[in-house]
Amino acid sequence: MSKQDWERIPLSEPWFQGNEIAYLTDCIEQGWVSSAGAYVKKFEQAVASYTRSAYAIAVTSGTAALHLSLILANVQAGDLVLIPNLSFVATANAVRYVDADPILVDVCPDTWQIDVELVKTFLQQACSIREGQCYHQSSQRRVKAIIPVHVLGYLADIPLLASLAQEFQVKLIEDAAEALGSWDQDQHAGTMGELGCLSFNGNKIITTGGGGMILTQSESLAQRARHLSTQAKSHPDRYDHDEVGYNYRLTNVHAAIGLAQMEQFEAILMRKSEIEERYRNAFHLIEDGLSFPIIHPHTHPNHWLPTIYSPKAADIRAALSEAHIQTRPLWTAMNQLPMFQDCLYLSKEDHTGRIADHSVSLPAYMGLEAEQQDRIIGIISAV
Ligand SMILES: *Cc1c(COP(=O)(O)O)cnc(C)c1O
């Protein structure tokens, strides 16, 4: 039996080849394991400096980062928040945590990112501004925020959305959970809106086991984010609290892993880009409707998770699964989930549904060998 008959290739695998163990040992030896500890600050500084963000606040997850950002943007019960129909469910869930409702927006067929034209038409034709606030005319509900998601680490069109957000007095929160290492010219994903959210969940481009970060250029928002994430404690030693807060601070143990991951980040990005390029080059000549999301010339995505679109996605997944190669489809469209099926959906042709039903995410972890990748490519080409 040859190696490839039994060898299993997973979709993703974390990469701990740096100082992870040394820093974790240090945490345990020093006894600094909770949120008070030097690694939290060091990890925040490493991410802030890499992304060129003025402030970075470490929290327990990307979902917690989104929840706090919605509170910081003053999204309130009954408000409406525009989000793409194609995303991981956390974006839509966070909107519900503040008792607001998502308005789902279809994605562009070529980029898979939120369709800015649909957002623009909605704001121009279905909304009006009253006393500095944007209202959806037919429901008379306030449209308070837009959360574009940088789907798969490729860039949503933030510059265009930012000008719309400003014109219509709507807050812009970037869900950059998948986009650490993704740039729009010289601006990092998550630093162009008022607030940006990162995730360090297990399968993200770097991981802390679980964790997230809020990016902002505003000192007051940064201060309030820290405050809310530590139970809104308002006195250094007394248990005084001045509003309802959350236990959302990242621990020193998680941050220690994160710092070690950031030290290797350039190497991770380089390898990710090589892997995706190998896939893209290999599939370039297949004229069977197989495609990747297009990359805008002025953007530099992180190549987090190469994902193909193909009318034969189901056959491709079955053939790879037979060979013990793990893949996954993209997320089920938000408007197909029971909690969100009644939300307003802005769409002309439902590209989200088509993409969600015909996509395959391919293995692209650091330890993936060229020979293994060629095997994956061979199976897909055969299908
Ligand atoms: C992973 C992810 C999140 C949530 O991050 P967690 O750290 O898992 O809570 C939010 N949005 C998107 C687009 C994600 O991919």
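The values are calculated or read from the model by the stated rules, or taken from the named source; none is laboratory data. Being a predicted model, the structure only gives us computed values, none of them experimental. Because the Cβ atoms are built from the backbone with ideal geometry, glycine has one as well, and the counts that use them run over all protein chains shown. Each accessible area value is taken on the protein alone, full model and side chains, heavy atoms only, with ligands, DNA and RNA left out. Shrake-Rupley method; radii C 1.70, N 1.55, O 1.52, S 1.80 Å.
Largest mean-square fluctuation among Ala165, Ala100, Ala36, in a Gaussian network model of the chain whose springs join Cα atoms under 10 Å apart, belongs to Ala36. Which pairs in the list Lys41/Lys204; Lys41/Lys144; Lys272/Lys348 are over 28 Å apart, alpha-carbon to alpha-carbon? Among Lys41/Lys204; Lys41/Lys144; Lys272/Lys348, the Cα-Cα distance tops 28 Å for Lys41/Lys144; Lys272/Lys348.
Which is the longest stretch in the chain that no exposed loop site breaks, taking sites as trypsin sites (Lys or Arg not before Pro) with a DSSP loop state and at most 12 other Cβ atoms within 10 Å? The longest uninterrupted stretch comes out as 9-237. In this label model, Arg354 and Ser321 are separated by 2.5 nm, measuring between points 7 Å along each Cα→Cβ vector. One equal scatterer on each Cα of the range 99-184, no solvent, Debye formula: the resulting log10 I(q)/I(0) at q = 0.13, 0.14, 0.20 Å⁻¹ is -0.42, -0.48, -0.93.
Determine the per residue accessible area of the range 272-345 with all protein chains present and a 1.4 angstrom probe, expressed in square angstrom. It would help to have the intermediate numbers written out before the result.
Values: 3890 Å² over 74 residues.
On a per-residue basis, the range 272-345 sits at 53 Å².
Show log10 I(q)/I(0) for the range 1-105 at q = 0.11, 0.20 Å⁻¹, two decimals, from a solvent-free Debye sum over equal Cα scatterers. Per q value, in the given order, log10 I(q)/I(0) is -0.61, -1.08. When Rg and Dmax are taken over the Cα atoms of the range 186-243, they come to 14.4, 44 Å.
Could you tell me the center-to-center distance, by alpha carbons, between the range 216-273 and the range 120-161 in angstrom? Using only Cα atoms, the two centres lie 28 Å from each other. Once the Cβ-Cβ distance of Asp26 and Leu285 is raised to the sixth power relative to R0 = 51 Å, the FRET efficiency obtained is 0.50. Its Cα gyration tensor gives the range 110-238 an equivalent ellipsoid, and the semi-axes of that ellipsoid, as √(5λ) in whole Å with the largest first, are 28, 22, 12. Just the protein heavy atoms count here, and of the accessible area of the chain at 1.4 Å, carbon and sulfur take up 50 percent. Only protein heavy atoms count here; on that basis, with a 1.4 Å probe, His254 has an accessible area of about 60 Å². Taking the convex hull of the alpha carbon positions in the range 320-383 and averaging its projected area over all directions gives 6.4 nm². Across the range 164-171, coupling constants 3J(HN,Hα) worked out from phi with the 6.51/-1.76/1.60 Karplus curve, θ = phi - 60°, read 5, 4, 5, 4, 9, 6, 10, 6 Hz, and Gly and Pro carry x. Scattering from the range 263-302 was approximated by placing one identical point on each alpha carbon and applying the Debye formula without solvent; log10 I(q)/I(0) at 0.34 1/Å stands at -1.13. Plainly put, the chain has a radius of gyration that is 0.98 times its Kirkwood radius, both from alpha-carbon atoms, as the Rg/Rh ratio.
Taking Lys and Arg as +1 and Asp and Glu as -1, the other residues whose beta-carbon sits under 12 Å from that of Ala92 total -1.
What 222 nm value per residue comes from the helices of the chain, counting each DSSP H run with n ≥ 4 as -39,500 (n - 2.57) and dividing by all residues, nearest 500 deg cm²/dmol?
Numbers: 13 runs with 141 residues, N = 383.
Helix contribution divided over all residues of the chain: -11000 deg cm²/dmol.
Roughly how many Å is it from the Cα centre of the range 28-89 to that of the range 331-382, as a whole number? Spelled out, the Cα-based centre of one part sits 26 Å from the other.
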